[in-house]
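The values are calculated or read from the model by the stated rules, or taken from the named source; none is laboratory data. All figures in this text were calculated on a predicted structure; none of them were measured in a lab. When we count neighbours, we look across all protein chains shown, and the Cβ atoms used for this are built from the backbone with ideal geometry, even at glycine.
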Amino acid sequence: TKFIFVTGGVISGLGKGISAASIAYLLKESGLRVTIQKFDPYLNVDPGTMSPFQHGEVYVTEDGTETDLDLGHYERFLDQNMCRENSCTSGQIYNAVLDKERKGDYLGATVQVIPHVTNAIQERFTAILEKNDYDVVITEVGGTVGDIEGLPFLEAIRQFELSLERGQYANVHVTFMPFIKTSGEIKTKPTQHSVNKLREIGIYPDIILCRTERPMMDTSTRDKIALFCNVRRESVLELHDAFTIYEVPLLLYRQQFLDVIQKYLNVTYKKEVNTER
Ligand code: ADP
């Protein structure tokens, strides 16, 4: 099984969920068995108690689990039902760790974020594989890089990747590139900062998806991001605002996303994506 981790930088509400779902769609259409899961840094055990005005719809899966609205995107893009294992929150992780602590399972150890919480998170990265086998598991981490809440998840990704071989995982970072109207420029600095923050934590993005308002990324901008963010040129892709979100997989496809990710994941596609659908 291969793993893709999707993180977001600069601002929230960027379209991280849509991007992750679009990646899942393309890989599934290439004949791979794919699933996608969402890890949310908030302490609510599930979003069932959160105001929809603040958080958007609570998406209820087939098995009755109350989950994040991104699971709705996943189901619609993948045409696959999600379940309890596809959604995890910090609240669930801490609940599990504290339960174990009360039962004495840690045998007198001082219970800490590292390693106990990060170990519990890593166990959840692969828990989905106990139900079904998949070629690729995509994990989207909620929130934005730099948030205190998200740190244990990012640290768990770093540790998890250390236990894998090269070619078993890829890191995708979704960032925002603002266009400054008055100077007529597209700005890469926020992306550079966000990637630096991620690298400080020990996660090295392989692919950078730049959200822009309009198609506007030229060769020099792409080169600049590649140089400053330490990624290959062809790994810098642009996702402009689409007319409908169902166009996003096509935007990725046209920029050779499948060839790019194949280099990192070492997967063999079983069929061609049908772009007419
Ligand atoms: P995040 O997971 O980063 O919080 P979402 O994936 O939930 O963001 O997307 C936020 C909003 O932006 C959604 O309403 C979604 O429909 C819209 N959106 C995402 N990507 C695009 C895009 N490329 N073009 C147009 N709208 C988009």
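Some notes on this structure:
- Tabulated pairs, region 202-215, first at positive phi, second among the aliphatic types (A, V, I, L, M) and crowded, with 24+ Cβ neighbours inside 10 Å, C-beta under 7 angstrom, 6+ apart or interchain: none
- Among the residues listed as Ser183, Ser220, Ser235, the single one being within 20 Å of Phe257 (Cα to Cα) and modelled with pLDDT under 90: Ser220
- Residue match in region 114-129 (condition: more than 24 Å from the chain's Cα centre (by Cα) and assigned to a helix (DSSP H, G or I)): no
- Counted residues, region 202-223 - those being surrounded by fewer than 16 Cβ atoms within 10 Å (Cβ to Cβ) and outside any loop (DSSP other than H, G, I, E, B): 3
- Filter result (among the small types (Gly, Ala, Ser) and crowded, with 20+ Cβ neighbours inside 10 Å) within region 129-170: Gly142, Gly143, Gly150, Ala156, Ala170
- Scan of region 1-55 for residues that are farther than 23 Å from Ile121 by Cβ, among the polar types (S, T, N, Q) and in contact with a helix residue (DSSP H, G or I) (Cβ under 7 Å, 6 or more places away or on another chain), ordered by number: Ser22, Ser30
- Any hit, region 268-275, residues being surrounded by 13 or more Cβ atoms within 10 Å (Cβ to Cβ) and either without any contact (Cβ under 8 Å) to a residue 24 or more places away in the chain or within 23 Å of Lys2 (Cβ to Cβ) (or both): yes
Yes/no matrix, rows are residues, columns are (1) farther than 24 Å from Leu239 by Cβ; (2) part of a helix (DSSP H, G or I); (3) within 16 Å of the ligand (Cβ to nearest atom):
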residue: Glu140; (1), (2), (3): no, no, yes
residue: Phe160; (1), (2), (3): yes, yes, no
residue: Arg166; (1), (2), (3): yes, no, no
residue: Ser183; (1), (2), (3): no, no, no
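- Test: residue in region 237-247 that is over 19 Å from Ile138 (Cβ atoms), assigned to a helix (DSSP H, G or I) and under 20 Å from the mean Cα position of the chain (by Cα): yes
- Which listed residue is out of contact with any Lys or Arg (no Cβ under 8 Å at 6 or more places or on another chain) and of a type in the set (Gly, Ala, Ser), from Ser87, Ser51: Ser51
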